[in-house]
1. Please verify whether residue 56 is open to solvent by less than 50 Å² (accessible area, probe 1.4 Å), at pLDDT below 75, closer than 30 Å to residue 101 by Cα and out of contact with any Asp or Glu (no Cβ under 9 Å at 6 or more places or on another chain), treating the condition exactly as stated.
2. Name the single residue that is nearest to residue 45 (Cα to Cα) among those in the stretch 68-93 being part of a strand (DSSP E or B) and open to solvent by less than 40 Å² (accessible area, probe 1.4 Å).
3. Which members of the stretch 97-132 meet the condition of being open to solvent by 80 Å² or more (accessible area, probe 1.4 Å) and either in contact (Cβ under 8 Å) with a residue 24 or more places away in the chain or touching an Asp or Glu at 6+ places or on another chain (Cβ under 8 Å) (or both)?
4. Answer with yes or no whether residue 88 is touching a Leu at 6+ places or on another chain (Cβ under 6 Å), at pLDDT 80 or above and not polar (S, T, N, Q).
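The values are calculated or read from the model by the stated rules, or taken from the named source; none is laboratory data. As the structure is a computational prediction, the values presented were derived from the model and not from experiment. Positions of Cβ are backbone-derived with ideal geometry, glycine not excepted, and every protein chain shown enters the neighbour counts. These accessible areas exclude ligands, DNA and RNA; they are computed on the full protein's heavy atoms, side chains included. Shrake-Rupley method; radii C 1.70, N 1.55, O 1.52, S 1.80 Å.
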Amino acid sequence: MKDDKDQASGEARDAAESGTARMLQVVLERLGMNAGVRAAFGEAVEKDGRTVIPVAQSIIGTGAGSGRSDEAGSGEGAGGGALSRPIGYIEITAEKSVFVPLKRPWQDPGLVLAYSVMALVVLRAAVRIIRG
């Protein structure tokens, strides 16, 4: 059991000393350029004494790994992805500052009801056409 722990510890140390750590750092740097503060907070827009700053949510995920085998050789790899989506804006005036969230259509009960009724009407029409 101790040999397994020593081997795993040695493999982890080898991976950190190899290019895996460097590859992960490069992936994070490249993703950070595209999904950083500029993606989360857009350029401010000023008009008529009011400043509006767009706000987004950014999510970054990364992974890296390496492996070694006496028979098959060795390998390394790293990858990642980023996602930013608008969630609202900050409105700044001389009197106050306020965060205004964007409405999501699927959270509006009236819109969901309208789409449901429309789907029912289309479905009934399709059934009548099929039956002749």
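1. no
2. The extreme case among them is 91.
3. 97, 99
4. yes
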